[in-house]
Amino acid sequence: MELETRRRIAGELLLQGKKVAEVARLVGASWSAVKRWKVAVRKRGVAALASKPHPGRKPFLTKRQKRQLDRILRRGPLQAGYRTDLWTCPRIAEVIEKHFGVRYHDDHIGRLLHALGWSCQRPEHKARERDEAAIQRWRCKDWPRIKKSAAAAKTNRFHR
């Protein structure tokens, strides 16, 4: 907005008959920029110096398609025809291409998911032999005892 204001002030000064070099000095712009502005003002008026939005590239997926993708992902990979219950970027790219006919690079899928409110999560690996009852016993009985004896040893460690 500040740049637009500067251009508009320059345009008004040019319309008042000021020289290009003087306008450039007054608004703190280059001589060549003021000369371009002068041509624009002569052709279309001061309105030609207004800011123009730069929307960027049109998104590949519409908002509606993104909502559909979110629903597909929430149903899970098994429902989408995969053998394991784990979404990966290549799998999601396949789903997008299959359902919407749009090809995304695997590296861009993370950004797309983040925009949809998803976060990267790794599956928790646990040993098959894991004994939850034994772990709970250890946490409740052994760990507090070990913790207390370690704290006691720590306080007795330094003597003068």
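Looking only at the stretch 101-110, count every residue that is within 18 Å of the chain's Cα centre (by Cα) and part of a loop (DSSP other than H, G, I, E, B) and tell me the total. So that I can check it myself, show each step before the final result.
Residues of the stretch 101-110 within 18 Å of the chain's Cα centre (by Cα): 104-110.
Within this subset, residues satisfying the condition of being part of a loop (DSSP other than H, G, I, E, B) are 104-105.
Total meeting the criteria: 2.
Every residue, every condition in (1) modelled with pLDDT under 90; (2) assigned to a helix (DSSP H, G or I); (3) out of contact with any strand residue (DSSP E or B) (no Cβ under 6 Å at 6 or more places or on another chain), yes or no:
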residue: GLU4; (1), (2), (3): yes, yes, yes
residue: LEU13; (1), (2), (3): no, yes, yes
residue: LEU26; (1), (2), (3): no, yes, yes
residue: ALA33; (1), (2), (3): no, yes, yes
residue: ARG36; (1), (2), (3): no, yes, yes
residue: VAL39; (1), (2), (3): no, yes, yes
residue: GLY56; (1), (2), (3): yes, no, yes
residue: ARG67; (1), (2), (3): no, yes, yes
residue: ARG71; (1), (2), (3): no, yes, yes
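Any idea which of LYS98, LYS43 is part of a helix (DSSP H, G or I) and surrounded by fewer than 11 Cβ atoms within 10 Å (Cβ to Cβ)?
The conditions single out LYS43.
Consider the stretch 111-152. How many of its residues are modelled with pLDDT of 85 or more, among the small types (Gly, Ala, Ser) and not in a loop (DSSP other than H, G, I, E, B)?
Residues that pass the stated criteria total 3.
Does LEU78 meet the test of being at negative phi, surrounded by 11 or more Cβ atoms within 10 Å (Cβ to Cβ) and outside any helix (DSSP H, G or I)? Reasoning before the result, please.
Working: at negative phi: yes; surrounded by 11 or more Cβ atoms within 10 Å (Cβ to Cβ): yes; outside any helix (DSSP H, G or I): yes.
Yes.
The values are calculated or read from the model by the stated rules, or taken from the named source; none is laboratory data. None of these values were measured; they are calculated from a predicted model. When we count neighbours, we look across all protein chains shown, and the Cβ atoms used for this are built from the backbone with ideal geometry, even at glycine.
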